[in-house]
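Here the structure comes first, spelled out in structure tokens, and everything after it is commentary.
The values are calculated or read from the model by the stated rules, or taken from the named source; none is laboratory data. Everything numeric here is computed off the predicted structure, so don't read it as measured data. A quick note on method: Cβ atoms are made from the backbone with ideal geometry, for glycine too, and the neighbour counts reach across all protein chains shown. Each accessible area value is taken on the protein alone, full model and side chains, heavy atoms only, with ligands, DNA and RNA left out. Shrake-Rupley method; radii C 1.70, N 1.55, O 1.52, S 1.80 Å.
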Amino acid sequence: SATQPAPLAPSQTSGWGGREFVSPAGVPILVGRNRKENEQLSLRVAREPDVWMHVRGVPGAHVLLQMSRVKGKAPPAEACLQMAADLAAFYSEARDERKALVTYASPRHVTKPNGAPLGAVKLREEGGTIVGRPVDSELIPPEVLGAREAERFGGKG
């Protein structure tokens with residue numbers, strides 16, 4: 001069913017080759033695997049009313065809760081925001097912390113400063129902060145948590 005997490009399912013977002021998960025309510029969550037994918041996700045894929053996330057203060061994945069692929073105008077469910085925040089923390093250098101602060105923002109406030117390196121963005125305005133739980137998340141699929149060493153941010157790209 002659509003609510004079963006499928007981390008290896010092919011993306012339905014054209015041109016996106018990064019990780020894709022499904023939230024408890026069936027909302028796609030895209031996760032950049034490296035700086036190149038972060039840039040693509042943040043500057044080309046993200047659109048209103050998606051929710052953009054990144055762990056605060058350390059390198060890590062840009063994460064997109066893809067509300068733009070959901071019919072209707074309902075705000076994202078708390079569990080969907082929490083899962084996206086947990087993934088942002090898990091795919092970051094804060095992955096071994098029990099808690100990590102994750103910033104979220106509207107895609108229209110995510111910009112790339114002139115001359116900034118690949119994957120570097122700036123937020124004109126933050127939406128707020130969620131506490132991500134990278135170690136004991138009940139929302140990250142168990143097979144992903146179990147493959148901690150293979151599943152990480154960085155590497156080629």
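Among the residues of this structure, residue 70 counts as one that is under 17 Å from residue 24 (Cα atoms) and of a type outside the set (Gly, Ala, Ser).
Here is a yes/no grid of residues against (1) modelled with pLDDT of 95 or more; (2) open to solvent by less than 30 Å² (accessible area, probe 1.4 Å); (3) not small (Gly, Ala, Ser):
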{"residue": "18", "(1), (2), (3)": "no, yes, no"}
{"residue": "54", "(1), (2), (3)": "yes, no, yes"}
{"residue": "59", "(1), (2), (3)": "no, no, yes"}
{"residue": "64", "(1), (2), (3)": "yes, yes, yes"}
{"residue": "75", "(1), (2), (3)": "no, no, yes"}
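Within region 54-91, the set of residues being of a type in the set (Val, Ile, Thr) and assigned to a loop (DSSP other than H, G, I, E, B) comprises 58, 70.
May I ask you to verify whether residue 131 is at pLDDT 95 or above, over 26 Å from residue 17 (Cβ atoms) and among the aliphatic types (A, V, I, L, M)? So residue 131 fits the description; yes. If you go through region 24-63 and keep only what is in contact with a Phe, Trp or Tyr (Cβ under 7 Å, 6 or more places away or on another chain), touching a residue at least 60 places away in the same chain (Cβ under 8 Å) and among the β-branched types (Val, Ile, Thr), you end up with 31, 51.
Name the residues in region 92-102 that are open to solvent by less than 30 Å² (accessible area, probe 1.4 Å) and assigned to a loop (DSSP other than H, G, I, E, B), would you?
Hits for region 92-102 are 94, 95.
Of the candidates 116, 120, 150, 105, the single residue that is modelled with pLDDT of 95 or more and either exposed (fewer than 13 other Cβ atoms within 10 Å of the Cβ) or under 21 Å from residue 50 (Cβ atoms) (or both) is 105. Taken over region 83-101, the criterion of being out of contact with any Pro (no Cβ under 9 Å at 6 or more places or on another chain) and either modelled with pLDDT under 95 or within 12 Å of residue 51 (Cα to Cα) (or both) is satisfied by 85 alone. Residue check: is residue 138 under 21 Å from residue 50 (Cβ atoms) and in a loop (DSSP other than H, G, I, E, B)? When the stated conditions are applied, residue 138 does not pass them.
When 108, 98, 133 are screened for being basic (Lys, Arg) and within 15 Å of the chain's Cα centre (by Cα), only 133 passes.
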